[in-house]
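The values are calculated or read from the model by the stated rules, or taken from the named source; none is laboratory data. Just so we're clear, the structure is a prediction, and the values are computed from it rather than from any experiment. Neighbour counts run over all protein chains shown; Cβ positions are idealised from the backbone, glycine included.
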Amino acid sequence: MTDTAVLIGRNTELTTLERLLDEVRAGTPSLVLLEGASGSGKSSLVRYFTSRHGDVTVRSGSGAAWEAGHRWSVLGQLLRDTVTATEPVEAAEILLDRLEGTCVLVVDDAHYADLESLQALSSLVRRAHQRPLLVVWTAPDVLPEDVDHATADLLSNIHRTATVHLDPLTSSDIARLALRRTGVDLSAWTARRLQEHTLGNPRAVLHLLDEIPRAEWHRWQARFPAPRQHAAKIRRALDRCAPATRSLVEAVAVLGSTESFTVAARLAELDDTTDALDEAHRLGLLSIREQRGVVSLSFPDPMTRAAVADDIGPARWHGLHAAAAELVDDQGAALFHLVSATPTGNEDLAARLDAYARRCAADGAWSQAAEALITASRITVDRDLRSQRLIRGVDALTGAADLPQAQAFVPEIESVPSGPMRNAVLGYLAIQKGRAAEAHHLLTEAWSMLGDPASEPELAATIAQRMVLHSLARLRGDDLVLWADRATNLLSDIAPPVVEAQAIRGLGLSMTGRVDDALEAYASLSDSIRLGAQNQRVRMAEGWLALALDRPDLARSELEAAEPTTFRGGSLRISLWSQAWLARTQFALGEWSDALRTVDRAAAQLDSTELHLLRPLVHWTGAQIHALRGDWTAANAHAQKARAGSNDYALMLVPSCLCAAQCAEVASDYASVLRYLQPIVTMRDRDAVDEPGHWPWPDLYGNALAVTGRVDEADEFLRPHEERAAERGHRSAKARLGYVRGRIHGARGDLDAARDAFEGALDELAALPLPYDLARINFAYGQTLRRAGRRRDADAVIRTARELYSSLGALSYVERCDRELQAGGLRSGDTDAEPARADVAALTPQERAVAKLVAEGRTNKEVAGELFLSVKTVQYHLTRVYAKFGIRSRSELAARFRQEDRGPSTP
């Protein structure tokens, strides 16, 4: 690898080496093992690293398989002299005497170094005693079978300062490498496929960049070849094989890695495969896997399969694929084998692929539909029909969220004359990429080009369905319902565009306040669509709606069911929607570690799919949780990715604003909260954004107004939101707005009204499993009480907030609670403070019932069964009882009730 390429994808490893060298200079001798696959650039990285430091003495040596048994072979290279020592410690002392200044000793291919030299170098580091010495060994992460066992044990167990692992290059790394190496700007799809083909191995990537002509990189390729060096190695292995072994390996290359061993043996025409299988495995050509009794064969990497395939002559290649088409069970696989068996255009086969794609689309299996349509377009003779199939294939790729591959075909589609289908597909792609204005122009133009929608109902319904998604992204509920109904009126209820439109329609109804209609619509859809990818869309939308309607437990189950795609033929695009809302659901339920795992999983898939529409929604949750937990580096990284502007879709802008504002609130920067939420305040069409339960922004904004002293503005702002929440009967929205109303009353000095507002807000949450909201209300309640001079009451409430925040891991707010307690003159951990003297009469009837049973020694579960409540509700009431009594344990509660039973003591 050239020095110009060595840093791509290796900044982290280089930084680690630089840090170790700084420590060495400070007097800490170190031994580091640099490991990675062959060709990952270990030696190049070390050379680059050492070349940057002219004041360092570098001595290098390398192991070789034929020298591994020769004592002191590597140490002699480092000493540049004959080694006369009799054992490793003596050798280490000799080498130590020869070293001056800051030294870096490098041993390449340490797995093939002689054992004595490695032992001597380990002893050298142990005896360097503050000498500026860095020893670097490079070795594969998986050692070859011919490595000496003692050497392998030493590399595994050696005392070392650090192990630096070189990971495969990512697709973005490869795109940068290609640009620097050849000046070719690879599309995201091509870079991803090259990464998958080479497994991110830098040497293999560089070889292919050098060997494939530059013009070819901008053309669609069914597959990449193997690098010439690798192909020659595989060819030599095949030449050594017995004919039966070669036949088996070639059969697997034709079938791919997913077919069973039985089918491969039949294609190779082998009755007894034992010897062939053993030889292929021994030569490293095939790997064997058994799962649930089914044996399958695969290649160690895609390049090996490509090398075998390219070595098969054209006539045998076509013949094997024709035979494979008769053997495989899957209809789609059979059709693709027939394509490979057909060297010229074939309209009949293209039509069969088209029909297969339609069946896949009807099930919502867009990846399979896309592959069939794009393949069909390549063997279609008629130019117009070829263009139509390609356009539909790109539409299916977009539906499957394979946006990098879809984008690779855009130049070809844009060369086609403008028309309804062309514009609808490009508009659909623009939606997923988050380009609102472009999507609006293309889709509006596509609809106007139709003339009479009834003349082309399938195309019209497809455009209408795209308009449904466009309206959803704009958060325009009325438009969403309008376009969904247009799609429904054009085709049957089971047509894919209609099903997708209907799956979203309920969300539009909910956004316009028609919640009962939305629930009824989904109940009907769930009954008619039970299985497969179409059901996935309904489950996702039902989960989203359940979260908005204060049913987070139901939301979690629906969204978890809608997330997987592998076994049910689901859509990655819908899975990403599900994961985005699942993370919000897990956040609401207090399952923050699960939420972060969901965010990380979705974020990785967003990077590979480039579905920018959902980027702010996914990263919003990550930023908020990390900020609450006090990890501002991670929070800022997520917040950066969540950024969106006023020209982006509302579905991007709103979570972006909420993300920034909520992080600012954690930092007590309420002026910034107001600034970050201003784009939402000034939105022209805000009905869906203001609908209770959908976007938790009104309380965030109103609270910031109240805290910054703009109490009258907060009052005026809050009233319409309170009225709408009351009209909808939305409990969590009323609770969130209620604590802001408590702030306002407290700021105006009306403490009784403030108490009523806060207590009312807490009552609204009593039966809801929303611990973060509960903590926020208690925190605001405690602050208001403390500022009104009610120190002891404030202490009890803030302690409740602190316990809730602590259970969530919200360290940022735990610290704020501690500061509030300290400002009130009490310590957060003080258990000796005199408890509040509220009596049992101060409890609500349900609190009194819970407290009495707990005082009798019942567990929370037993109390829940006795009173027909959930365990979470019992815990909620118990927390409030503790706060009112100023106590912290069940034993204190029992003592309090015994005291009440005895009555007041006689003086």
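Okay, here's what the table says:
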| quantity | calculated |
| --- | --- |
| Of all residues making up the range 249-281, the number that are within 18 Å of Ala231 (Cα to Cα) and not in a loop (DSSP other than H, G, I, E, B) | 8 |
| Test set (1) surrounded by 19 or more Cβ atoms within 10 Å (Cβ to Cβ); (2) part of a helix (DSSP H, G or I) - Asp550 fails condition number | (2) |
| Unique residue being surrounded by fewer than 21 Cβ atoms within 10 Å (Cβ to Cβ) and more than 21 Å from Leu469 (Cα to Cα) when the list is Ala333, Ala437 | Ala333 |
| Filtered residues of the range 245-298 (kept if out of contact with any Ser or Thr (no Cβ under 9 Å at 6 or more places or on another chain) and among the polar types (S, T, N, Q)) | Thr245, Ser247, Thr262, Thr273, Thr274, Gln291 |
| Filter pass, Ala642 being buried (at least 23 other Cβ atoms within 10 Å of the Cβ) and free of Cβ contacts under 8 Å to residues at least 40 places away in the same chain | yes |
| Among the residues listed as Arg316, Arg352, the single one being among the charged types (D, E, K, R) and modelled with pLDDT of 95 or more | Arg352 |
| Top-ranked residue in the range 335-369 [being in a helix (DSSP H, G or I) and hydroxyl-bearing (Ser, Thr, Tyr); ranked as nearest to Leu491 (Cα to Cα)] | Tyr356 |
| Pairs with Cβ under 7 Å, 6+ apart, first in the range 69-87 and within 15 Å of Asp114 (Cα to Cα), second surrounded by fewer than 18 Cβ atoms within 10 Å (Cβ to Cβ) and of a type in the set (Val, Ile, Thr) | Gly76/Thr82; Ala85/Ile94 |
| Unique residue being surrounded by fewer than 20 Cβ atoms within 10 Å (Cβ to Cβ) and at pLDDT 95 or above when the list is Val681, Val673 | Val681 |
| Ala753 vs. criteria surrounded by fewer than 20 Cβ atoms within 10 Å (Cβ to Cβ) and assigned to a helix (DSSP H, G or I) | yes |
| Of all residues in the range 800-809 being of a type outside the set (S, T, N, Q) and surrounded by fewer than 23 Cβ atoms within 10 Å (Cβ to Cβ), the one that is farthest from Trp592 (Cα to Cα) | Glu803 |
| Those residues of the range 596-637 which are touching a Gly at 6+ places or on another chain (Cβ under 6 Å) and surrounded by fewer than 24 Cβ atoms within 10 Å (Cβ to Cβ), in sequence order | His612, Arg629 |
| Pick from the range 48-69, criterion farther than 22 Å from Arg98 by Cα and either outside the structural domain of Leu133 (by TED's automatic domain parsing) or of a type outside the set (Asp, Glu) (or both), ranking: surrounded by the most Cβ atoms within 10 Å (Cβ to Cβ) | Phe49 |
| Enumeration of residues in the range 94-131 that are of a type in the set (Asp, Glu) and under 44 Å from the mean Cα position of the chain (by Cα) | Asp108, Asp109 |
| Failed condition for Val681, given (1) over 28 Å from Ile887 (Cα atoms); (2) in contact (Cβ under 8 Å) with a residue 60 or more places away in the chain; (3) over 30 Å from the mean Cα position of the chain (by Cα) | (2) |
